[in-house]
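Take a look at the structure below.
Any read-out appearing in this document is the output of simple, stated calculations on the displayed coordinates, not a laboratory observation. Please read these numbers as outputs of a predicted model, since none were measured by experiment. Note that we place each Cβ from the backbone using ideal geometry, even for glycine, and neighbour counts take in every protein chain shown.
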Amino acid sequence: MHPTIKRMQDVVAKGDESLIRELLAEDVQFSPPTYFSTWSGRAPVAAILGHVGQVFSDFRYRRIMGEGKDWALEFQCKVGDLDAVGADLITLNEDGLIQKFEVVMRPHKTIGALRDAMMARVMSDARFLEFKDALS
C-alpha cells in the first residue's frame, strides 16, 4: 500500500486539519458528496476535510482498493444518528500527494444531514469567505 494512503487511514478520522494538509498537493481538487462542484487548493480543502472529520462519528475505512496512483477507500460512518457508507476516490500525483479527492456517499438522507452540518460550520469559519473570494 502507498504510504500516503496508509497515513490517510490514520489522519482522516481524526479531523485534524494540519495532519490532512500534509497529504495534499498544493493544487489538490476536492469534489464533495453534497453538491456537484470542486474545491481547489491545499488550504481550503484541508479546512473542509478538517470540518468533515468533526461532523463524522464512528468513522472507519472498511476496504482499500487500488495501486499506483489510483485508490478507492470504502468507509462507513455516522452523521448525527444517521448511518452512511461511501468511498474516497483518490488520485496521487508524482510526489505521492493527493491530487484529486472525490467522495461518494449514500443514503441521500445522510448526505442532506452532512450538507446542513457543513454549512453551519462553514458559515461560522471566517476563512471560507477568504477562500470563496480567492476562488472567484
Which numbered condition residue 24 fails, given (1) surrounded by fewer than 20 Cβ atoms within 10 Å (Cβ to Cβ); (2) within 11 Å of the chain's Cα centre (by Cα); (3) within 27 Å of residue 126 (Cα to Cα); (4) not β-branched (Val, Ile, Thr) | (1)
Looking only at the range 1-19, and only at residues there that are of a type in the set (A, V, I, L, M) and farther than 17 Å from residue 118 by Cα, the one that is surrounded by the most Cβ atoms within 10 Å (Cβ to Cβ) | 8
Within the range 1-24, residues part of a helix (DSSP H, G or I) and of a type outside the set (Val, Ile, Thr) come out as 3, 6, 7, 8, 9, 10, 13, 14, 17, 18, 19, 21
In the range 25-58, residue nearest to residue 108 (Cα to Cα) [restricted to those that are in contact (Cβ under 8 Å) with a residue 24 or more places away in the chain, among the hydroxyl-bearing types (Ser, Thr, Tyr) and not in a strand (DSSP E or B)] = 34
Exclusive hit being touching a helix residue (DSSP H, G or I) at 6+ places or on another chain (Cβ under 9 Å), among the hydroxyl-bearing types (Ser, Thr, Tyr) and exposed (fewer than 15 other Cβ atoms within 10 Å of the Cβ), set 61, 35 | 35
Does the range 84-106 contain any residue that is over 12 Å from the mean Cα position of the chain (by Cα), surrounded by fewer than 16 Cβ atoms within 10 Å (Cβ to Cβ) and in a strand (DSSP E or B)?
-> yes
Members of the range 53-96 that are acidic (Asp, Glu) and in contact with a strand residue (DSSP E or B) (Cβ under 9 Å, 6 or more places away or on another chain) = 58, 70, 74, 83, 88, 95
